[in-house]
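The values are calculated or read from the model by the stated rules, or taken from the named source; none is laboratory data. Just so we're clear, the structure is a prediction, and the values are computed from it rather than from any experiment. Quick reminder, even Gly has a Cβ in these numbers, built from the backbone with ideal geometry, and neighbours come from all protein chains shown.
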Amino acid sequence: MTAQKNNNKYLFILFGVYIALLVYFMFFGFGRPQQLEEVREFRYSLEFTRIPLWLPSRLSIDIIKLWIFALGNLLAFVPFGILVPMVFEKHIKSYFPFIVLFVFFILFFETLQMVTYLGSFDLTDIVINTMGATIGYCSYRVSGRMNTSSKYFVTMGLSILGFSMLMFLIAWVFNSIITPSFCHNIYNDIVADHYIFRTE
């Protein structure tokens, strides 16, 4: 019982540290406070015409920046999908309550970014963030079936990699089949510059 309580305490601490880091990067990282002098209007984008996840076919500074930014938006919320069902195990027993909780969570923070002028409310970001949290949740559930620590962590890593590749595949299908016109422009430097500016 004591060991279980200690484990729960460490999980809560780890979860708290993760949320603190998330808040820092969403509101204070990347020079956001310095932008307050320049930006005094609500920024938002309700357009959802593509999922900016892909493997670059050519390299340029703008393309690399865009790719890293989009990948970060995906992977930054993987720990959320792992830690939340661990910390709130009694309440989060299936994907549905988890994803409902996450959607409310990310909508709150995206809105807070907009009203504080420290970012923008971006529907595309919300979609990618949700995909990242889903990767974490599914990886946690798959690895939870393992009976040893070594198998658990190996399965966790492989699951994250596998589900990430699946999300890239979903993005490719969506971009090339559902919205093909935008797929042709995704490597364009102008589009890259526009997306980076819009999501800062």
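Table: residues versus (1) touching a Cys at 6+ places or on another chain (Cβ under 6 Å); (2) surrounded by fewer than 17 Cβ atoms within 10 Å (Cβ to Cβ); (3) at pLDDT below 85; (4) assigned to a helix (DSSP H, G or I).
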residue	(1), (2), (3), (4)
THR49	no, yes, yes, no
ARG58	no, yes, yes, no
GLY72	no, yes, no, yes
PHE98	no, no, no, yes
LEU112	no, yes, no, yes
How many of the residues in the stretch 1-22 are farther than 21 Å from GLY81 by Cα and either outside any helix (DSSP H, G or I) or at pLDDT 95 or above (or both)? 1
Could you tell me whether THR134 is among the hydroxyl-bearing types (Ser, Thr, Tyr), part of a helix (DSSP H, G or I) and crowded, with 18+ Cβ neighbours inside 10 Å? yes
Going through the stretch 141-177 one residue at a time, which ones are of a type in the set (S, T, N, Q) and outside any helix (DSSP H, G or I)? ASN147, THR148
Can you find a residue that is more than 20 Å from ALA20 (Cα to Cα), of a type in the set (S, T, N, Q) and in contact (Cβ under 8 Å) with a residue 40 or more places away in the chain anywhere in the stretch 130-143? yes
